[in-house]
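Shown next, in structure tokens, is the structure this report addresses.
The values are calculated or read from the model by the stated rules, or taken from the named source; none is laboratory data. Keep in mind it's a predicted model, so treat the numbers as computed, not measured. All Cβ positions, glycine included, derive from the backbone under ideal geometry; neighbour counts span all protein chains shown. For the accessible areas, the whole protein counts, side chains as well, though only heavy atoms, and no ligand, DNA or RNA atoms are used. Shrake-Rupley method; radii C 1.70, N 1.55, O 1.52, S 1.80 Å.
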Amino acid sequence: QISPPPVEPKKPRPVRRFVGGVFRATGSSILTIGMFGTALAAGGFLGLAISFRNLPDVRTLQGYAPPETSYIYDIKGKLLTSIHGEAHREVVPLNKISPHLKRAVLAIEDSNFYSHHGINPNSIGRAIVVNSRSGGVREGASTITMQLVKNLLLSKERTYSRKLAEGVLAVRVEHVFEKDEILEQYLNTIYWGHNAYGVQTAAESYFSKDAAALNLAESAMMAGLIQAPEVHSPFRNYDLTKQRQAQVLNRMATLGWITEAEAEAAKKTPLRLGKPTAWLGQRVPFVTDAVISELNRRFGAQAIQKGGMRVQTTIDLDFQRRTLEAATASFQRRVGAGLKADQFALVAIDPRTHFVKAMIGGADYSKSQFNRATQSQRQPGSSFKPFVYYTAFASGNWTPSSVIDDKPVQYRDGSGFYTPKNYGGGYSGEMTLRAALISSANVPAVVLGQKVGLAKVVELCRLLGIESPIDTFVSLPLGSVGITPMEMAGAYATFASNGWHSDPTIIARVTDSQGVLLLDNTPEPQLVLDPWATATLSATMQGVIHGGTGTLAYIGRQAAGKTGTTDSERDVWFVGYVPQLAAAVWIGNDNYTPMGERITGGGYAAPIWRDFMQEALKDEPAQFFPPASNFPEPEPTES
């Protein structure tokens, strides 16, 4: 408890103290007497207490707690992060707050806190003078009790009527609550800047320590933030922060609550700052950001920020961490070998459930919080070709042994003509579809797209959950559209399950704080693809890894996949799968600059996929795709 400064043994009643305070603050001129008359008319707080019958009941503050925090867990129940509308607030009792901070806050905000009854007449008199001269509300004269009332019970408008209401409610609050209760609520509810609400959250954000451990220098700095947190933030203007800190320390010394020597020593004490970022409390920030985005879409921001939800994700924290480490190290090795890329992303999905098992949204969350796994629509290049080949196989008109001619062709596309070219130039003449896909020949893919119909390819993409805009340009088979890694991984996961599809999700279930089920994402897979065509595609794409453009993705077990490289080497991909896991890897630069000459998905994305999958599957036995011979071939349809 704070020891209050000495006070008179007999305290005048609030109205009499209000009148005396106004005289002391304003003097005795005729103008002042006129001001006082106005103040007296507007300041009869006991009378106002009767007339303000529609004001909130201050007893609602009894047992008040901030809106319930929502919690996000991994699939095994490990806490990943918590969500609150105002930040990750943790309420602490008054005895768990540094005495230095309590004194510093009282000194700069309300040094008479323990002696007044909710209103400070001296401050009100001073405010009357300032506001009368300015023609509006410029100085508030708010006590800590009045600030608490404003924050929890009233609007933030700056009007005389609201200030009067503050005073009335402050007097009422002081009749119901003890001083320590008021101070505790105040320190736990006010805003300290950088999305930090409550003293504990602020102490962790600014100094990476508990509120109880704050020293005098840190306490004075934090107390100085209250009136203008963002302005006086040490992360924005350290010199201004130190000036404000000095004002607090000087005030404490003037009150006799610290010595001049203590004040000077505190001014010279360096501030060892933490980092004011909400993600510091998150264990896998790209994952939890994606979860929050999905919750916002389903329930709305207010529901999750104040509703006390319990969210079970599909992520295994240990799995996420070790595969993240393996993939990140692999990416860094590629950069060290000459890759001029600043970002990569990865999404892994279990084909049996379409649950997201791992997600990497960028190379370094601390430098960029943009989630490229779910938000970045980049051209997939040749990793789009399997959608064209599946459409051909499912039509019943084509098999892997069907022959297509790789030769110069030209198509009218819009107002002009389009002439596809193979990577590296040249043509191979007649070749099977199997050979064309394994070698990633461009011209056969474009020709095949025209033969099967691009509208049918787009229809397949929608069936597989790809929602990004897709135009039917002639070049579509070469991946000339923007698609997210999440969409690519989800689509390939349906190939991996031999045609069984569920909507990909990173959330398994959601309940409220009482355990009432709000969302159940138990998978309900549907067979959306032809089993023979899907098995045939998987068999063909195994050749990509065993002897085609993706040999660096070899992991020593049955796997299928496809490389992707766009023009000018701006995007490179490898998307592949085994029966129990599908993963998409993308590499590129946020500003779309090329990554260097001869940078391909097979040379750079495939090894990252390999290193990720080897870590992800190290404790998993090998599984096998069903052979196409197990299923009947589809009946031929019209081309």
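Hey, which of these cross-link pairs are over 32 Å Cα-Cα: Lys306/Lys618; Lys96/Lys267; Lys357/Lys456?
Lys306/Lys618, as the Cα separations exceed 32 Å there.
Among the listed pairs Lys407/Lys451; Lys451/Lys562; Lys76/Lys367, which are separated by more than 27 Å between their Cα atoms? Please list the in-between numbers first.
On the way: Lys407/Lys451 15 Å; Lys451/Lys562 22 Å; Lys76/Lys367 29 Å.
Those over the limit are Lys76/Lys367.
Could you provide, to the nearest whole Å², the per residue accessible area of segment 513-590 with probe 1.4 Å? All intermediate terms of the calculation are to be shown ahead of the outcome.
Details: 2610 Å² over 78 residues.
It amounts to 33 Å² per residue over segment 513-590.
Determine, for each peptide in 410-418, 72-80, 217-225, the mean count of other beta carbons within 10 angstrom over its residues, then list the peptides with the highest first.
Sorting 410-418, 72-80, 217-225 by mean packing, highest first, produces 217-225, 72-80, 410-418.
Give me the extension gain from Tyr592 to Gln375: residue separation times 0.36 nm, minus the current Cα-Cα distance, reported in nm with one decimal.
Values: separation 217, 0.36 × 217 = 78.12 nm, distance 1.52 nm.
Stretched fully, the Tyr592-Gln375 segment lengthens by 76.6 nm.
With every protein chain present, what is the per residue accessible area of segment 357-474 (1.4 Å probe, Å²)?
Value for segment 357-474: 42 Å² per residue.
When the expected Rg is taken as 2.2 N^0.38 Å, what fraction or multiple of it is the alpha-carbon Rg of segment 430-506?
With N residues counted in segment 430-506, Rg over 2.2 N^0.38 Å equals 1.16.
At a Förster distance of 41 Å, what's the computed FRET efficiency of Arg272 paired with Ser568, Cβ-Cβ distance as r, to 0.05?
0.30
On the accessible surface of segment 223-331, probed at 1.4 Å, how many percent belong to carbon and sulfur atoms?
Its accessible area is 50 percent carbon and sulfur atoms.
Between beta-carbons, use under 15 Å as the cut-off and find the net charge around Pro531, counting Lys and Arg +1, Asp and Glu -1.
Values: positive: none; negative: Asp530, Glu633, Glu635.
Its environment carries a net charge of -3.
May I ask you to list the aspartates and glutamates whose Cα is less than 18 Å away from that of Lys209, ignoring any residue fewer than eight positions away on the same chain?
Glu90, Glu218
Mind listing the long-range amide H neighbours of Leu518? Cut-off is under 5 Å, sequence gap 5 or more, other chains count too, H placed in the peptide plane at 1.01 Å from N.
Val510, Thr511, Asp512
Taking Cα centroids, how far is segment 441-509 from segment 562-639 in Å?
13 Å
Of Thr511, Thr259, which has the most accessible area with a 1.4 Å probe, and how do the rest follow in descending order?
Ranked list, largest accessible area first: Thr259, Thr511.
How do 579-586, 619-626 rank on mean C-beta neighbours within 10 Å, highest first?
Numbers: 579-586: 27.6, 619-626: 12.2.
Highest to lowest by the protection proxy: 579-586, 619-626.
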